[in-house]
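Everything below concerns the one structure shown next.
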């Protein structure tokens, strides 16, 4: 129940102001990583890779009382917003995963998932999703 409320509170295509507000007003703990895990069809190893941490650290951070550092919080919020946007556009998390994993001509042959290790990369992919909503072929 709390996971659903948390996921609903994160906007699709989160902008900088919304992101800063969430970071300042919300207490972050490992529960956010659990929500991210449940919001995606990806495994712990893949998510840990995006967050630039090892799997053991990721699993440690998933503990409810574990406080997350500010950089990790920002990354998790950005990923949650992106996953929400992708699911909205593609209909299911699995369909979105297929798009994320596929090499893309418009991304110089890279898969969109290759961009998720940085906030800038997440924003870039989110902009591509928005473009697709308005008819761009990507």
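Among the residues of the range 4-18, those identified as over 13 Å from residue 76 (Cα atoms) and modelled with pLDDT under 80 are 4, 5, 8, 9.
Here is a yes/no grid of residues against (1) modelled with pLDDT of 90 or more; (2) surrounded by 17 or more Cβ atoms within 10 Å (Cβ to Cβ):
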site: 1; (1), (2): no, no
site: 20; (1), (2): no, no
site: 42; (1), (2): yes, yes
site: 47; (1), (2): yes, yes
site: 59; (1), (2): yes, no
site: 73; (1), (2): yes, yes
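Taking the range 102-124 as the range and being more than 20 Å from residue 77 (Cβ to Cβ) and in a loop (DSSP other than H, G, I, E, B) as the test, the residues that pass are 102, 103, 104, 108, 109, 110, 111. Going by the structure shown, is residue 78 under 11 Å from the mean Cα position of the chain (by Cα) and part of a helix (DSSP H, G or I)? In short, yes. The numbered conditions (1) surrounded by fewer than 19 Cβ atoms within 10 Å (Cβ to Cβ); (2) at pLDDT 95 or above are all true for residue 82 except (1).
The values are calculated or read from the model by the stated rules, or taken from the named source; none is laboratory data. What you see is a predicted model, and the numbers here were worked out from it, not measured in a lab. Virtual Cβ from ideal backbone geometry, glycine too; neighbours counted across all protein chains shown.
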